[in-house]
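Here is the structure we will look at, set down as C-alpha cells.
The values are calculated or read from the model by the stated rules, or taken from the named source; none is laboratory data. Computed from a predicted model, the values in this text were never measured in an experiment. Cβ placement follows ideal geometry from the backbone for every residue including glycine, while neighbour counts extend to all protein chains displayed. Just the protein is used for accessible areas: all its heavy atoms, side chains included, with ligands, DNA and RNA removed. Shrake-Rupley method; radii C 1.70, N 1.55, O 1.52, S 1.80 Å.
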Amino acid sequence: MDYSTYLKEYPDKDGRFGKFGGAYLPPQLVPAMQEINDAYLTICQSSQFINELRRIRREFQGRPTPIYHCERLSRKLGKAQIYLKREDLNHTGAHKLNHCMGEGLLAKFMGKKRIIAETGAGQHGVALATAAAFFGLDCTIYMGEVDVAKQAPNVARMKVLGTKVVSVSRGQKTLKEAVDAAFEDYMENYKDTIYCIGSAVGPHPFPMMVRDFQMVVGYEARTQFTEMMGHLPDVVTACVGGGSNSIGMFLPFVADSAVEIVGVEPLGRGTDVGDHAASMTYGSEGVMHGFDSIMLKDSKGEPAPVYSIASGLDYPSVGPEHAFLNALGRVKYETASDKEAVDAFFKLSRYEGIIPALESSHALAYAMRRAKEMDHGSILVNLSGRGDKDLDYVIEKYGYGDDFKDFD
C-alpha cells in the first residue's frame, strides 16, 4: 500500500477505513451528523479557522510540547534510548485539549449553545469543560460512578470550570455506560447541542475529526525528533483505549517504513473476560456506539464487561482506524498489564521526576520491556497525560512505590 496518499484516501466518503467505521445511527441523528460533517469539511479548509486554532494552541494550550530524553531510565534498562513526547505538559495535563478546542471552535461556527461528552479518566471531561469556559458554551459531562470515585481531582476541576458532571450508575458504571448516557442526551437535544466524542471512535465524522485534530502531536514529534537526532526513531508507541492519542501520534509516521509503530492495550488483571480491555488483541468485528470496529463480546455477541486500572482505557472497542491499520499490518498491537503499568508509573517518577498518567504508563511499560530486548536504537513514547489525577488511587492501592523503586 502507498501510505504517502493514505490521508487523502481514508476515510472514504462514507466514513470507512476499509470495512471499518461508518455511521450506524437512528434516523433522527442522520441529519445532525451530516450537519456536523458538512460544517467540519467547510471550516477545515478555512484559513481563518486554521489560524485561530493555531493561535489557541500556541497562546492557550502551550504548544508545541517538547520531546524529552529519559537518560537515567534508559541507562537502567540497557543501551536503547527512551524518549517521551510530553503531552502531559499540554494545558489541562493531557492530549485531549487538542481536539476539544477544535470541537469548541466547530460548535461556535455551527451556532450551537451546548456541548456534551463522556469521560473515563476525566481528562477529556476536563478538556471539554475548559473549551466550554473558553468559548462561553454550556457543558455537561457523563462519567461512570466508578470513575467518579477514582478520578475525584478531575471531577472537581470540571465543576470548578462550570460544567455539570452526571454520575452514571447503571451497568458496570464505567466508560461504556457514560457513552450510552451521553448518546441518549444527544438524541434528545441535538438541535442546539454537539456531542464531542472523547476519542477516535463513534459514527463518522468523529473518528476523522478527532484524528485530524490530534495529528498535531505526531507532526510535532516527527519534526522535533529529527531536529534533535538527525533521524527518525526506531519505534513509536502509545497507549490504546479508544485510540485518540495513539492515532494522532501514529499517522504522521505511517509512511515512514523504517519506523515500527506499536499500540499498547490494557491487559488488566489477565486474559479472562472482564479482567482486561484489550479489544484488538482478544476481540472480533462488531458494531457499537454507531461504528464498526473490533470489540470485546460476551456469549450473546454484546459488548463484554471490561476492566483496566486506567479509567481512560476501559472501553470494549477501539477506533475504526486502528482496526484498519492492524488489518493492513502497518501497526502492531501489544499489551501491558496493570502490574507493568504501575511499575512503569513509579519508575518514571523515581528516575526522571515525571509522574505519568496510568493510561500513558501502559505505553511506557511496553517501551521499558522493549528497551531491554534491543541492543541499541530509540523508542519514542507518547506520554499522553500526567498522573496527578491518579495519585490518590495509586497511593491507596500501592502506597508510595517503595516496592517498585529498584530494577531487578
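Among the listed residues GLY329, GLY319, which satisfies the condition of being open to solvent by 10 Å² or more (accessible area, probe 1.4 Å) and of a type in the set (Gly, Ala, Ser)?
Answer to the check: GLY329.
Each row is one residue, and each column tells you yes or no for (1) touching a residue at least 24 places away in the same chain (Cβ under 8 Å); (2) part of a helix (DSSP H, G or I); (3) over 19 Å from HIS99 (Cα atoms).
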{"residue": "LEU7", "(1), (2), (3)": "yes, yes, no"}
{"residue": "ASP12", "(1), (2), (3)": "no, no, yes"}
{"residue": "GLN28", "(1), (2), (3)": "yes, yes, yes"}
{"residue": "TYR40", "(1), (2), (3)": "yes, yes, no"}
{"residue": "LEU53", "(1), (2), (3)": "yes, yes, no"}
{"residue": "THR65", "(1), (2), (3)": "yes, no, no"}
{"residue": "LYS76", "(1), (2), (3)": "yes, yes, yes"}
{"residue": "ILE82", "(1), (2), (3)": "yes, no, yes"}
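Return the only residue of LEU89, LEU7 being open to solvent by 50 Å² or more (accessible area, probe 1.4 Å), modelled with pLDDT of 95 or more and under 25 Å from HIS204 (Cβ atoms).
LEU7
What pairs come out if I take residues in segment 165-190 that are closer than 18 Å to TYR307 by Cβ and pair them with residues that are of a type in the set (Lys, Arg) whose C-beta lies under 7 Å away, six or more apart or interchain?
GLU177/ARG170
Limited to segment 44-67, what total is found for residues that are buried (at least 19 other Cβ atoms within 10 Å of the Cβ) and either at pLDDT below 95 or within 30 Å of MET368 (Cβ to Cβ) (or both)?
Qualifying residue count for the region: 5.
Check GLY21, GLY78 and return the single one that is at positive phi and either more than 21 Å from the chain's Cα centre (by Cα) or surrounded by fewer than 13 Cβ atoms within 10 Å (Cβ to Cβ) (or both).
Exactly one residue qualifies, and that residue is GLY78.
What number goes with the only condition from (1) within 24 Å of PHE345 (Cβ to Cβ); (2) touching a Lys or Arg at 6+ places or on another chain (Cβ under 6 Å) that SER74 does not pass?
Every listed condition holds for SER74 apart from (2).
Report yes if THR223 is hydroxyl-bearing (Ser, Thr, Tyr) and in contact with a Cys (Cβ under 6 Å, 6 or more places away or on another chain), otherwise no.
So THR223 fails the test.
Looking for whichever is aromatic (Phe, Trp, Tyr) and either at pLDDT below 95 or closer than 20 Å to ARG114 by Cα (or both) here; the options are PHE183, PHE225. Which one fits?
It is PHE183.
Sort out which residues of segment 281-329 are farther than 20 Å from PHE17 by Cβ, at pLDDT 95 or above and hydroxyl-bearing (Ser, Thr, Tyr), and write them in order of number.
TYR282, TYR307, SER308
Hey, can you tell me all the residues within segment 337-353 that are within 20 Å of GLY78 (Cα to Cα) and either open to solvent by 30 Å² or more (accessible area, probe 1.4 Å) or touching a residue at least 40 places away in the same chain (Cβ under 8 Å) (or both)?
GLU340, ALA341, ASP343, PHE345, PHE346, LYS347, LEU348, SER349, ARG350, TYR351, GLU352, GLY353
Sort out which residues of segment 277-318 are in contact with a strand residue (DSSP E or B) (Cβ under 6 Å, 6 or more places away or on another chain), without any contact (Cβ under 8 Å) to a residue 60 or more places away in the chain and not in a strand (DSSP E or B), and write them in order of number.
Listed by number, the residues that qualify are ALA277, ALA278, SER279, MET280, THR281, GLY283, ALA304, TYR307.
Is it fair to say GLY171 is closer than 25 Å to HIS289 by Cβ and touching a helix residue (DSSP H, G or I) at 6+ places or on another chain (Cβ under 7 Å)?
Criteria met by GLY171.
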